[in-house]
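**Q** The structure follows.
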């Protein structure tokens, strides 16, 4: 709720639903996949979120504002080591539900420590981490071996970045969106398509894109449709095409002040 760039963004409306409602709506399509929805929210003074979530009967827990890793650890404390946590951030209302379902199916067949989607428009992907891998990151605060990698401030904020930066320590699976494309071409065709909501311009684009698909009767649209729309109507994505995405090593200044 305390986002500096777009305050209260998770309750902003896109169509007649808040961003959180869009997230819940897409997760509802995973019924039968043994997936439970849980909101790991920041413990913020006078936040309307606890009441908002309670009114809708949604499971949630409150945790550290800036140490998101600890918030995830607390939220998953009752899970077994070999359970999984699906991570979708609160500024991504349009996770590609089919790609996420495909990733879940893959992990049911061949479990790994960490898996994520790739080659999707920014904000439509998801990642899954095994609980024992998540817990192992915390142990890096006090490594047994002096030369072992340790977690840094951006690891606490971005949760899974330690795993990504240390692939030699974990078994990782990357789910390519379309194997017929080279990685270079796959990145090129989604370049400039922002479906995340970090800035006011992002919210404007998200609303316009959602309205387009809702009118077509496709409110749960996926990445394929967004990519095609960007090809056919590039001006629809122009408002936020130049918004600079913060690097994965960035840290909220309030966390270190």
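**Q** Give the separation of the Cα centroids, the stretch 201-257 to the stretch 51-66, in Å.
**A** The distance from the Cα centre of the stretch 201-257 to that of the stretch 51-66 comes to 25 Å.
**Q** Consider all pairwise Cα distances in the chain and report the whole-number % of them above 30 Å.
**A** In whole percent, the long-distance tail amounts to 27.
**Q** Please give the FRET efficiency for residue 16 paired with residue 89, using the beta carbon to beta carbon distance and R0 = 25 Å, rounded to the nearest 0.05.
**A** Calculated value: 0.65.
**Q** Sticking with this structure for a sec: Along Cα→Cβ, 7 Å out, is where each label goes; now give me the distance between the ones at residue 46 and residue 106 in nm to one decimal.
**A** With each label placed 7 Å out from Cα toward Cβ, I get 4.5 nm.
**Q** Could I ask something else about it? Sort 23, 129 by Cβ crowding within 10 Å, fewest neighbours at the top.
**A** 23, 129
**Q** Evaluate the stretch 8-99: find the radius of gyration of its Cα atoms, find its Kirkwood radius, and give the ratio Rg to Rh.
**A** 0.94
**Q** On to the next question. Per residue and in Å³, how big is the convex hull formed by the alpha-carbon atoms of the stretch 116-215?
**A** Value for the stretch 116-215: 142 Å³ per residue.
**Q** Separate question: For the residues 237, 177, what sequence is obtained by ranking on other C-beta atoms within 10 Å, fewest first?
**A** Ascending Cβ contact count within 10 Å gives the list 237, 177.
**Q** Please arrange 176, 138 by counting, for each residue, the other beta carbons lying within 10 Å of its beta carbon, fewest first.
**A** Going from sparsest to densest Cβ surroundings: 176, 138.
**Q** Taking the Cα-to-Cβ direction at residue 191 and at residue 78 and moving 7 Å from each Cα, how far apart do the two end points lie in nm?
**A** Between residue 191 and residue 78, the label points sit 4.7 nm apart.
**Q** How far apart, in nm, are two points set 7 Å out from the Cα along the Cα-to-Cβ line at residue 211 and at residue 70?
**A** 4.3
**Q** Evaluate the stretch 94-156: find the radius of gyration of its Cα atoms, find its Kirkwood radius, and give the ratio Rg to Rh.
**A** 1.09
Bear in mind these aren't lab numbers, they're just calculated from the coordinates by the rules spelled out. In this text, all values refer to a predicted model and were calculated from it rather than measured experimentally. Backbone-built Cβ (ideal geometry, glycine too); neighbour counts: all protein chains shown.
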